[in-house]
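Enquirer: Please see the structure below; I have some questions.
Values quoted throughout were computed directly from the atomic coordinates according to the rules given, and no laboratory measurement underlies them. Being a predicted model, the structure only gives us computed values, none of them experimental. Cβ: placed from backbone, ideal geometry, glycine included. Neighbour counts: every protein chain shown.
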Amino acid sequence: MGKIKFSIHSDDTDFSEAAYKYWLVNEADKFVHLTGDIANELGVPPQTLTSLIRKHTTAVAIDKQCTDCGRFYPLTSRSSFSERRPSRAWMCPNCIATKRQRSVEAKLKAEQIHREKISETWDPNNRYARPLEKYALIDVVSMLSMVRGGAAEDYSYIKPVDSFDEHLTPNTEFTVDITSLIEACLHRILEAVLMPLSLPTIDQQAFIFTKFTG
Ligand SMILES: [Zn+2]
């Protein structure tokens, strides 16, 4: 049995015969009939044969299946059979779209959970006092950098990092370093700086999660 399974959607006997010959392969995966001969017998120009076949037949390669749903690899012409590379994993367009949609949903869900945790953590009612001198130098430096970049001196607001008026440091590499430090220290910093304030206004959208963007 050949590796091509096909069905012909036409009542025309001559066309059905031509379509059968078009898709017929032998045990060595070689097409049995030449397309020029098939076109001649059917009485159509050779260059129109493939589009006619494509329009009135459905063909699949049974040695290649979607890794998700098992659907057979669709064939649009003889060359798509020759180029199918059966050993290479393949996912059908439907499954790719579904996977992409799931990935987007998972990303949104993860971000939502992240934001809910932030809301809980930074609820003013959950804050507790901790003396500033208890904080490490790195936290203090980070706090000052934030003020310099785009936070109020009393930390009554913090702007999104990408809208800071000035660069945090003189060069990009150092800015990346200090931004990572700030991210790591942010929770401790805000415990310290928000503690003396009564209900400060923090815009939740100011938090940008690099792993959820780009
Ligand atoms: Zn599939």
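Enquirer: Count, please, the residues in the stretch 66-79 that happen to be assigned to a helix (DSSP H, G or I) and loosely packed, with under 15 Cβ neighbours inside 10 Å.
Expert: Final tally of qualifying residues: 1.
Enquirer: While we're on this one: Select from the stretch 80-101 the residues that are touching a Cys at 6+ places or on another chain (Cβ under 6 Å) and buried (at least 17 other Cβ atoms within 10 Å of the Cβ) and list them in ascending order.
Expert: Within the stretch 80-101, Cys92 is the sole residue that qualifies.
Enquirer: Taking Arg102 as the residue in question, decide whether it is within 28 Å of the chain's Cα centre (by Cα) and part of a helix (DSSP H, G or I).
Expert: Against the criterion (within 28 Å of the chain's Cα centre (by Cα) and part of a helix (DSSP H, G or I)), Arg102 qualifies.
Enquirer: Within the stretch 58-112, how many residues turn out to be free of Cβ contacts under 8 Å to residues at least 24 places away in the same chain, more than 16 Å from the ligand (Cβ to nearest atom) and farther than 30 Å from Thr35 by Cα?
Expert: 6
Enquirer: Considering only the stretch 34-43, state which residues are at negative phi, loosely packed, with under 15 Cβ neighbours inside 10 Å and of a type outside the set (Asp, Glu).
Expert: Leu34, Gly36, Asn40 - these are the residues of the stretch 34-43 that are at negative phi, loosely packed, with under 15 Cβ neighbours inside 10 Å and of a type outside the set (Asp, Glu).
Enquirer: Exactly one condition in (1) in a loop (DSSP other than H, G, I, E, B); (2) among the charged types (D, E, K, R); (3) under 27 Å from Pro93 (Cα atoms) is not met by Asp63; state its number.
Expert: With respect to (1) in a loop (DSSP other than H, G, I, E, B); (2) among the charged types (D, E, K, R); (3) under 27 Å from Pro93 (Cα atoms), Asp63 is out only on (1).
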